[in-house]
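The values are calculated or read from the model by the stated rules, or taken from the named source; none is laboratory data. Source: prediction; values computed, not measured. Cβ coordinates were reconstructed from backbone atoms using ideal geometry, including for glycine residues, and neighbour counts include every protein chain displayed.
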Amino acid sequence: MRNFLVSFLLSFLLLVWLVAPASGSEKSTLRYKVTWLGIPAGKIKFVVEKEGSLIKLYAKSKTIGMARLVYPFKSEWTTWIDEDGYPVKSRIWFKKRGKEVLKEYIFDQKKGEVIRLQKGHRKVYKLSHFPVYDELSAFYATMKLVLKKPGEEHLFWVFAHKKANQALLRYLKDETIRTSCGPLEAQKLQVEFGFESELIKRSKEAYLWKIRDLIVKSQGDLAIGHVTGTLTNLDCKEVKP
């Protein structure tokens, strides 16, 4: 049961980090429902907004229903990115089973350093490769990435678990999927994580279905079934031909 809960939580968190829109307005909000085997399991809210010279990315997630009873969990992840899309600072808070954890990071992209602030302690990490994304800004960047044909790949360098790691995005194929706006053709993407998450010490892969600059569906496989995130406030005018 413990392994299943870890797998569920990992996939749930991955869905949070994979919903970022390529925002061209001052503020945009996406809302997702998360299900496991068709059973409501969680909610995700993702906000992108301008804050001074930076862009603020904010993701909030929580388990609901039976999933909350089995594994009560909440998280809030905020990352501020510069004009090139790289993180300047981030704040990660989560609460599981009544225990709260807060981590803050400052990114010095020119020096190749990441500073972690936690419980009054300061730790500096020297990077083997830079500049780097954090997990939230990396997947915001994927939404801006233009992939023209199946087979194309793009490699991201991501800071996680105290070092720079690789994450590979692959355009698999075009696929027609059901949405709240009816059947629509989407790009099916695969993301391979070659690193351990900041929140869950386990690697995983996930699948995304992208229409224009929106992720309308995301999926993470589990030992039993899979967990799926579906965009609930899809604007049909934006995605229909």
Out of the residues in region 95-143 meeting the condition of being closer than 19 Å to Asp84 by Cα and of a type in the set (Ser, Thr, Tyr), tell me which one is modelled with the lowest pLDDT.
Thr142
Can you tell me which residue within region 224-241, out of those that are part of a loop (DSSP other than H, G, I, E, B) and without any contact (Cβ under 8 Å) to a residue 40 or more places away in the chain, is surrounded by the most Cβ atoms within 10 Å (Cβ to Cβ)?
Asp235
Selection from region 55-75 of residues that are out of contact with any Lys or Arg (no Cβ under 9 Å at 6 or more places or on another chain) and under 22 Å from Thr142 (Cα atoms)
Ile55, Leu57
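Which one of Ser61, Ser128 is touching a helix residue (DSSP H, G or I) at 6+ places or on another chain (Cβ under 7 Å) and either crowded, with 19+ Cβ neighbours inside 10 Å or closer than 24 Å to Leu169 by Cβ (or both)?
Details: Ser128 fails: touching a helix residue (DSSP H, G or I) at 6+ places or on another chain (Cβ under 7 Å).
Exactly one of Ser61, Ser128 is touching a helix residue (DSSP H, G or I) at 6+ places or on another chain (Cβ under 7 Å) and either crowded, with 19+ Cβ neighbours inside 10 Å or closer than 24 Å to Leu169 by Cβ (or both), namely Ser61.
For the condition within 17 Å of Leu136 (Cβ to Cβ), at pLDDT 90 or above and outside any helix (DSSP H, G or I), what is the one hit in Val19, Val48?
Val48
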Does region 212-223 hold any residues that are crowded, with 16+ Cβ neighbours inside 10 Å and part of a strand (DSSP E or B), and which are they?
Leu214, Ile215, Val216, Lys217, Ser218, Gln219, Gly220
Tell me which residues, restricted to region 155-195, are buried (at least 18 other Cβ atoms within 10 Å of the Cβ), β-branched (Val, Ile, Thr) and within 16 Å of Leu208 (Cα to Cα).
Thr179, Val191
Scanning region 86-105 for residues that are surrounded by fewer than 16 Cβ atoms within 10 Å (Cβ to Cβ) and under 15 Å from the mean Cα position of the chain (by Cα) gives Arg91, Trp93
Between a first residue in region 139-166 that is over 15 Å from Phe107 (Cβ atoms) and a second residue that is of a type in the set (D, E, K, R), which pairs have beta carbons less than 6 Å apart while being 6 or more apart in sequence or on different chains?
Met143/Asp213; Pro150/Lys173; Glu153/Arg170; His161/Glu196
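I'd like to verify a number: residues in region 70-98 that are among the β-branched types (Val, Ile, Thr) and either closer than 20 Å to Val227 by Cβ or not in a strand (DSSP E or B) (or both), how many?
Kept after step one, since they are among the β-branched types (Val, Ile, Thr), are these residues of region 70-98: 70, 78-79, 81, 88, 92.
In the following step, the residues that additionally are either closer than 20 Å to Val227 by Cβ or not in a strand (DSSP E or B) (or both) were identified as 70.
The number of residues fulfilling the criteria is 1.
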Before we move on, is Leu169 at pLDDT 85 or above, under 26 Å from Tyr58 (Cβ atoms) and assigned to a strand (DSSP E or B)?
yes
Just to check your reading of the model, which residue among Ala59, Ala67 is in contact with a Phe, Trp or Tyr (Cβ under 8 Å, 6 or more places away or on another chain), within 17 Å of Gln219 (Cβ to Cβ) and not in a loop (DSSP other than H, G, I, E, B)?
Ala67
Which of the residues that make up region 71-85 are within 15 Å of the chain's Cα centre (by Cα) and surrounded by 19 or more Cβ atoms within 10 Å (Cβ to Cβ)?
Ser75, Trp77, Thr79, Trp80, Ile81
When restricted to Leu136, Leu189, the only residue farther than 20 Å from Arg91 by Cβ and either out of contact with any Leu (no Cβ under 8 Å at 6 or more places or on another chain) or in contact (Cβ under 8 Å) with a residue 24 or more places away in the chain (or both) is Leu189
